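Below: the structure, in structure tokens.
The values are calculated or read from the model by the stated rules, or taken from the named source; none is laboratory data. For clarity, every value in this text was computed on a predicted model and none was experimentally measured. Here Cβ is always computed from backbone atoms with ideal geometry, including for glycine, and neighbour counts include all displayed protein chains.
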Amino acid sequence: MSEGGFFSITLTQPTSGYSLLTKDNTMLNYDLHTHSTYSDGNDSLHDNIHAAEAMGLSHIALTDHLWTDKRDWVDEVLEELKDQPPIGYKVKILKGAEATLLDSSGRISVSEEAAAKLDIVLCDMGWHSLGFSGEESSIPREQIIERIAQCFINLCRNPLVDVIAHPFNFGRHTEVMIPPREIEYDYLLKIADEFVSHNKAFEVMNNAWWWHPLMHPGEFTVQYVEIVKLFAERGVRFTISSDAHGIGSIGNLGWSKYVLEAASVPPEHIIDPDTYLCRSI
């Protein structure tokens with residue numbers, strides 16, 4: 001897109017004290033993407049829950065990676081969580097997993113059987129995905145972008161997925177960097193409409209800028225805010241998360257909230273995690 005076109009905003013510091021409110025005006029302060037030693041995290045499930053309580057979070061989702069070539073830990077985690085949270089804790093726990101997109105057809109690494117046992121399933125388009133990562137990314141940029149759009153569309157159509165994890169994270173696993181502004185506007189509209197049609201949430205992950213190491217964080221933030229703004233205008237709903245791999249990152253959501261406010265996302269477009277808990281009761 002050309003200068004002065006769709007991506008033409010200048011960020012200023014939000015001043016309104018942006019907060020996440022439920023319908024009964026209760027403020028939400030949650031983290032719906034965390035990892036433990038069941039996958040590539042550094043700390044135990046209990047330590048993560050302990051950290052969430054210390055940070056005053058309303059909810060924490062425990063969403064370790066569930067890969068096809070690794071052990072299936074779902075039943076083991078469910079057993080461990082029977083006595084969690086400890087008595088006196090206020091934080092609510094969502095039992096979840098982070099799946100990986102396997103190919104451009106929308107297949108994921110979490111089975112229907114496993115998903116049925118969980119409150120929430122996130123899915124990323126990342127290191128293990130087929131169709132645009134690794135050697136496949138040596139194709140021309142235009143074809144990569146077209147393939148990325150198709151991956152988004154088919155992933156949104158997968159009924160096992162609740163949340164698309166850190167979308168537009170294409171700065172590390174393609175041979176050519178694909179910053180948000182490289183995705184054509186028409187593709188963005190189609191992708192956003194698929195999110196809405198299939199009730200998929202867009203995760204605003206606090207460290208999304210990490211995926212684009214060759215971009216200045218400020219420039220990435222400008223571009224990401226515009227993506228979020230466009231998606232909100234199309235009716236997409238959002239979650240916030242840290243993607244924490246250690247207790248020190250749990251509840252670290254400053255950048256996420258900044259993006260939501262800078263994009264003028266109405267609080268009612270932020271998902272209340274009780275939605276997922278009520279579904280599993």
Practice item. Go through (1) at pLDDT 95 or above; (2) out of contact with any strand residue (DSSP E or B) (no Cβ under 6 Å at 6 or more places or on another chain) and name the single condition residue 127 misses. Key: (1)
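Going residue by residue through the stretch 39-47, is there one that turns out to be in a strand (DSSP E or B) and in contact with a Pro (Cβ under 9 Å, 6 or more places away or on another chain)?
No, the stretch 39-47 contains no residue that is in a strand (DSSP E or B) and in contact with a Pro (Cβ under 9 Å, 6 or more places away or on another chain).
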Point to revise | Pick from the stretch 208-228, criterion over 16 Å from the mean Cα position of the chain (by Cα) and either among the aromatic types (Phe, Trp, Tyr) or over 14 Å from residue 168 (Cα atoms) (or both), ranking: modelled with the lowest pLDDT | key: 214
**Study point:** Test: residue in the stretch 111-124 that is of a type in the set (S, T, N, Q) and either crowded, with 17+ Cβ neighbours inside 10 Å or modelled with pLDDT under 85 (or both)
**Key:** no
Exercise for review: Return the pairs, sorted by first residue and then second, in which the second residue is of a type in the set (Val, Ile, Thr) and modelled with pLDDT of 95 or more, the first residue lies in the stretch 90-115 and is farther than 13 Å from residue 67 by Cβ and part of a helix (DSSP H, G or I), the beta carbons are less than 8 Å apart, and the residues are 6+ apart or on different chains.
Suggested key: 115/121
Study note, to complete from the structure: Among residues of the stretch 247-281 being of a type in the set (Val, Ile, Thr) and part of a helix (DSSP H, G or I), the residue nearest to residue 31 (Cα to Cα) is 247
**Study point:** Residues that are loosely packed, with under 12 Cβ neighbours inside 10 Å, over 17 Å from residue 115 (Cβ atoms) and either in contact with a strand residue (DSSP E or B) (Cβ under 6 Å, 6 or more places away or on another chain) or not aliphatic (A, V, I, L, M) (or both), drawn from the stretch 72-92
**Key:** 79, 82, 83, 86, 88, 90
Point to revise | Residue within the stretch 29-40 that is surrounded by fewer than 22 Cβ atoms within 10 Å (Cβ to Cβ) and among the small types (Gly, Ala, Ser) present | key: yes
Review point. Out of curiosity, is residue 199 crowded, with 19+ Cβ neighbours inside 10 Å, polar (S, T, N, Q) and assigned to a loop (DSSP other than H, G, I, E, B)?
Key: no
